[in-house]
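K.L.:
Before I ask anything, let me first share the structure, which is written out below as structure tokens.
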Amino acid sequence: MALSSELNTYHKERVIRQILNSFIMTIILKIRKDNPEKVLVKQAAEIIRKGGLVAFPTETVYGLGADALNAKAVEKIFEAKGRPADNPLIAHIADKKDVYRLAKEVPKDAELLMKEFWPGPLTIILKKSKIVPDIVTAGLDTVAIRMPSHKVALALIKEAKTPIAAPSANLSGKPSPTDAEQVIEDMLGRVDVIIDSGSCDIGVESTVIDMTVKPALILRPGGLPKEKLEKFLKNIGKEEHSEKPKSPGMKYKHYAPNAEVIVVEGSREKVMKKARKLVEEYKSKSKKVGVITTAKEHGYDADVVKYVGNTEKEVARKIFKALRDFNKEDIHIIIAEGIEEKGIGEAVMNRLRKAAGYNIIEVR
Ligand code: AMP
Ligand code: MG
């Protein structure tokens, strides 16, 4: 099939996915979020047990899961996502006891966090046990473990009777999916099952904390704000931006839409003034401009304006979809208003800055 030059990148990719889907048929299972249908969960769990791939919802983002103890199955995750082999995966469990199978040592402080924050958006790094295949941890001697709170995720893991290794269910480098439609965009024809349980409540990935070092180190800000962790753990370090981060995934280009992104940071009034100026500048150069704003009455004269809410929590829920949806509209440049780095705002800003490739303008 010839891909017409009139199709934009988004639509060309859609055609490619339809073609892929004729090779591997992806089953889409609609499963209720609050009261998951057991027969459907069983059907998906059976695929995991047979070494297949299932995209499933969690409270943070959608994950792309395989049996964490089956190296061949996990290899398929890397293939489906185009994920670099040196970027390890998170093992998802439904029973805290499984930590003691996957980890060699579980320090007291880690147990405290498990008690306080699991199930929930916290991933804990521990020394790995022998049963975890090297491919899951990308050869590291540590393993990332999380117990999600989403009922469908928990039911799937329980029914599969094995921990499920899962990164986010997007193609490598793209924004993480927060509903099934976004998973379908990237994964149709690449995986066996996509579970559709609607939108994710949190919208950004889990917080990753390394409990193998003292003081404990936050490797990735995420759904669980640092302020909450600090109530239980004194003296937490934060890894700074570096070429060789301890969390390998942090070094890659990530969350990026097709358009260039500029983040404008600083006091609210100044941010909006600067963003308006940038919109004018780019429009005068005949660029199609998109804006991500937290003000309903924004007054931007851009081609597309996406309002993502005015609280940190709401922005977290909407930011990935907003970034992704600009691909449908052939926008050349996206101007994004920065938000305050309090609570989950820290994770949002971490993702936005990465989506922008650290293309940041500060107006303090
Ligand atoms: P994702 O949820 O797709 O963003 O991927 C999981 C994240 O957890 C990536 O940023 C990984 O680098 C990180 N991660 C997984 N296992 C480890 C580990 N053993 N040590 C440090 N970071 C890890
Ligand atoms: Mg990811």
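K.L.:
So G290 clears everything in (1) of a type outside the set (A, V, I, L, M, F, W, C); (2) within 16 Å of ligand 2 (Cβ to nearest atom); (3) in a strand (DSSP E or B) except one condition, right? Which one?
P.N.:
(2)
K.L.:
Inspect all residues belonging to region 193-203 and state whether any of them is within 16 Å of ligand 2 (Cβ to nearest atom), open to solvent by 10 Å² or more (accessible area, probe 1.4 Å) and of a type outside the set (K, R).
P.N.:
yes
Table: residues versus (1) out of contact with any Pro (no Cβ under 7 Å at 6 or more places or on another chain); (2) of a type in the set (A, V, I, L, M, F, W, C).
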{"residue": "H254", "(1), (2)": "yes, no"}
{"residue": "K274", "(1), (2)": "yes, no"}
{"residue": "V291", "(1), (2)": "yes, yes"}
{"residue": "T294", "(1), (2)": "yes, no"}
{"residue": "E297", "(1), (2)": "yes, no"}
{"residue": "F326", "(1), (2)": "no, yes"}
{"residue": "R353", "(1), (2)": "yes, no"}
{"residue": "I360", "(1), (2)": "yes, yes"}
{"residue": "R364", "(1), (2)": "yes, no"}
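K.L.:
Among the residues of region 4-23, is any at pLDDT 95 or above and closer than 18 Å to I195 by Cβ?
P.N.:
No: region 4-23 contains no residue that is at pLDDT 95 or above and closer than 18 Å to I195 by Cβ.
K.L.:
So how many residues does region 175-189 have that are surrounded by 24 or more Cβ atoms within 10 Å (Cβ to Cβ) and assigned to a loop (DSSP other than H, G, I, E, B)?
P.N.:
Qualifying residue count, region 175-189: 4.
K.L.:
Before we move on, is V152 away from ligand 1 (no atom under 13 Å from the Cβ) and assigned to a loop (DSSP other than H, G, I, E, B)? Before you say what the answer is, go through the steps one by one.
P.N.:
Working: away from ligand 1 (no atom under 13 Å from the Cβ): yes; assigned to a loop (DSSP other than H, G, I, E, B): no.
When the stated conditions are applied, V152 does not pass them.
K.L.:
Starting from residues that are in a loop (DSSP other than H, G, I, E, B) and open to solvent by less than 20 Å² (accessible area, probe 1.4 Å), keep the ones in region 155-172 and report whichever is nearest to ligand 1 (Cβ to nearest atom).
P.N.:
Applying the first criterion (in a loop (DSSP other than H, G, I, E, B)) to region 155-172 yields 161-163, 167, 169-172.
Filter again for open to solvent by less than 20 Å² (accessible area, probe 1.4 Å), leaving 162-163, 167, 169-170.
Numbers: T162: 18, P163: 13, P167: 3, A169: 9, N170: 8 Å.
By that ranking, first place goes to P167.
K.L.:
I've got another one for you. Quick test of your reading of the structure: A66 fulfils all but one of (1) of a type in the set (A, V, I, L, M); (2) open to solvent by 30 Å² or more (accessible area, probe 1.4 Å); (3) touching a strand residue (DSSP E or B) at 6+ places or on another chain (Cβ under 9 Å). Name the failing condition by number.
P.N.:
(2)
K.L.:
Can you run down the residue pairs with Cβ atoms below 7 Å, 6 or more apart or on separate chains, where the first is in region 168-185 and of a type in the set (D, E, K, R) and the partner is buried (at least 24 other Cβ atoms within 10 Å of the Cβ) and not in a loop (DSSP other than H, G, I, E, B)?
P.N.:
These pairs meet every condition: K174/D186.
K.L.:
Say whether the condition of being surrounded by fewer than 22 Cβ atoms within 10 Å (Cβ to Cβ), of a type outside the set (A, V, I, L, M, F, W, C), within 16 Å of ligand 2 (Cβ to nearest atom) and under 23 Å from the mean Cα position of the chain (by Cα) is met by at least one residue in region 99-119.
P.N.:
no
The values are calculated or read from the model by the stated rules, or taken from the named source; none is laboratory data. Every value quoted in this text rests on a predicted model; they were computed, and no experiment measured them. No Cβ is skipped: glycine too gets one built from the backbone with ideal geometry, and neighbour counts run over all protein chains shown. Note: areas computed on protein heavy atoms with side chains; ligands, DNA, RNA excluded. Shrake-Rupley method; radii C 1.70, N 1.55, O 1.52, S 1.80 Å.
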